[in-house]
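Please treat every number below as a calculation from the coordinates, not as lab data. Computed from a predicted model, the values in this text were never measured in an experiment. Every residue, glycine as well, gets a Cβ built from its backbone with ideal geometry; the counts of neighbours run over all protein chains shown.
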Amino acid sequence: QQPVQSPQAVILREGEDAVINCSSSKALYSVHWYRQKHGEAPVFLMILLKGGEQKGHDKISASFNEKKQQSSLYLTASQLSYSGTYFCGPKGSGAGSYQLTFGKGTKLSVIP
Amino acid sequence: DAGVTQSPTHLIKTRGQQVTLRCSPKSGHDTVSWYQQALGQGPQFIFQYYEEEERQRGNFPDRFSGHQFPNYSSELNVNALLLGDSALYLCASSLDRSSYNSPLHFGNGTRLTVT
């Protein structure tokens with residue numbers, strides 16, 4: 001089942017912060033985050049594993065709450081290069097949990 | 001280090017025809033997943049190949065089939081094309097031994113247009 005992302009779209013000025021949320025209806029083992037710029041392939045940002053570890057990638061960090069089956073992506077001091085569509089991909093555990101099911105994405109636009 | 005390569009980049013087909021898309025995974029990767037991405041939507045999982053077998057399949061009809069070769073490259077075949085099959089088809093490779101924390105590396109995709 002497809003995870004739900006919010007917001008669907010957000011516009012930021014350079015230097016502002018944003019949070020993108022991802023909720024799943026199934027028990028999760030890990031959450032992947034990817035960014036896709038217009039006309040390009042999705043690019044891997046980070047993976048969060050069960051355990052609530054918060055990870056970072058430059059000024060982009062994320063958290064994972066497996067009890068709530070939610071993950072959040074935090075973008076601080078946004079840069080023009082952060083523009084794109086962000087996808088979360090929760091992954092369950094157990095046999096057959098090989099696929100990554102992506103949400104509809106959150107379109108982030110950073111303006112000067 | 002070559003990344004994931006897909007061919008062709010663009011393709012125009014007529015309804016009812018058949019199409020084959022090709023993918024070479026990133027060097028060192030042994031698992032290939034195929035995704036369909038409609039305009040404005042997230043990638044939808046079609047299937048995954050590992051050790052030359054289809055390991056998991058998403059909610060796609062049997063018209064969609066695939067193959068993985070001994071060198072880990074893969075093909076996606078779509079028969080009896082429908083207008084609704086028009087989309088960007090993405091291939092993603094990964095390393096199986098750490099499947100839960102192995103990131104996907106995507107190719108640039110094949111843009112299929114069905115007329």
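Of note:
- Approximate shape of chain B as ellipsoid semi-axes (Cα gyration tensor, √5λ), whole Å, largest first: 23, 14, 13
- For the stretch A:4-111, alpha-carbon Rg and Dmax in angstrom: 13.4, 44
- Dipole magnitude (debye, nearest 20) for the protein assembly as shown, charges at Cβ of Lys, Arg, Asp, Glu: 500 debye
- Look at B:ILE46, B:ILE12 and count the other Cβ atoms within 10 Å of each Cβ; fewest to most, that gives B:ILE12, B:ILE46.
- For the stretch B:1-96, a simple Cβ point-charge model (Lys and Arg +1, Asp and Glu -1, everything else neutral) yields a dipole of about 460 debye relative to the Cα centre.
- Chain B: relative contact order in percent, alpha carbon pairs under 8 Å with at least 6 residues between: 36 percent
- Exposure proxy order (Cβ contacts within 10 Å, fewest to most) of A:GLU66, A:GLU40: A:GLU40, A:GLU66
- Among the listed pairs A:LYS50/B:LYS26; A:LYS26/A:LYS67; A:LYS50/A:LYS104; A:LYS50/A:LYS91; A:LYS37/B:LYS26; A:LYS26/A:LYS91, those with a Cα-Cα distance over 18 Å are A:LYS50/B:LYS26; A:LYS50/A:LYS104; A:LYS37/B:LYS26.
- The distance separating the Cα centre of the stretch B:1-34 from that of the stretch B:60-110 comes to 7 Å.
- Counting all C-alpha pairs of the protein assembly as shown, share separated by more than 31 Å (%): 21 percent
- A cut-off under 15 angstrom between Cβ atoms defines the neighbours of B:GLN41, and their net charge, with Lys, Arg +1 and Asp, Glu -1, is +2.
- Relative contact order [Cα under 8 Å, 6+ residues apart], the stretch A:4-111, whole percent: 36 percent
- Comparing A:GLN99, A:GLN36, A:GLN70 in a Gaussian network model of chain A (Cα springs below 10 Å), the most mobile by mean-square fluctuation is A:GLN99.
- Panel order for A:VAL110, A:VAL43, by other beta carbons found within 10 Å of each beta carbon, from fewest to most: A:VAL43, A:VAL110.
- Sites B:LEU39 and B:PHE69, calculated FRET efficiency, Cβ-Cβ separation with R0 41 Å, nearest 0.05: 0.85
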